[in-house]
1. Keeping all protein chains in position, work out how much accessible area MET73 exposes to a 1.4 Å probe, and write it in Å² to the nearest 10.
2. In nm, to one decimal, how far is the ARG70 label point from the ALA43 one, both placed 7 Å along Cα→Cβ?
3. Quickly work out the ALA82-to-ALA96 label distance, labels modelled 7 Å from Cα along the C-beta direction, and quote it in nm with one decimal.
4. List, in order, the whole-Hz ³J(HN,Hα) value for each residue of the range 66-83 obtained from phi through the Karplus relation with A = 6.51, B = -1.76, C = 1.60 and θ = phi - 60°; use x for Gly and Pro.
5. What ranking of ARG70, ARG57 comes out by heavy-atom accessible area, probe 1.4 Å, highest first?
Amino acid sequence: MKLLVAASLAILVLAPTAFADERGIEEFPEGKGREETANMCAACHSGRIVSQQGMSRAQWDETLDVMTERHKMPKLEGEERALILDYLAAAFPPKARRGAPNPFLK
């Protein structure tokens, strides 16, 4: 009985943390454009997918085009697109390569 009570309490205590944002928005660092970017990306998939990427502003720009053309994301234009691109480029820039460079790519 004590074990059941303890397990129930653990679930109640840990549930808000575990399920606080199953979309992965907590992965988005603070910054101008965070909310707009998180809302746009998490409308279709986990924010964790975005946070695991590392791309240049140009690559993010191309990615937004792909999301619009292939996956029916609403088209972003003007200041809204610039805000989201600025955020993505600053928050998720290209990642540094680990280890020695690939000799086959030279």
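1. Near enough 20 Å² of accessible area.
2. Label at ARG70, label at ALA43, 1.9 nm between them.
3. 3.2 nm
4. Calculated HN-Hα couplings, in order: 4, 4, 6, 6, 9, 10, 6, 5, x, 5, 9, 9, x, 4, 5, 5, 4, 4 Hz.
5. ARG70, ARG57
The values are calculated or read from the model by the stated rules, or taken from the named source; none is laboratory data. None of the values given here were measured: they were computed from a predicted structure. Here the Cβ is made from the backbone with ideal geometry for all residues, glycine too, and neighbour counts use every protein chain on show. Heavy atoms of the whole protein, side chains included, go into the accessibility calculation; ligands, DNA and RNA do not. Shrake-Rupley method; radii C 1.70, N 1.55, O 1.52, S 1.80 Å.
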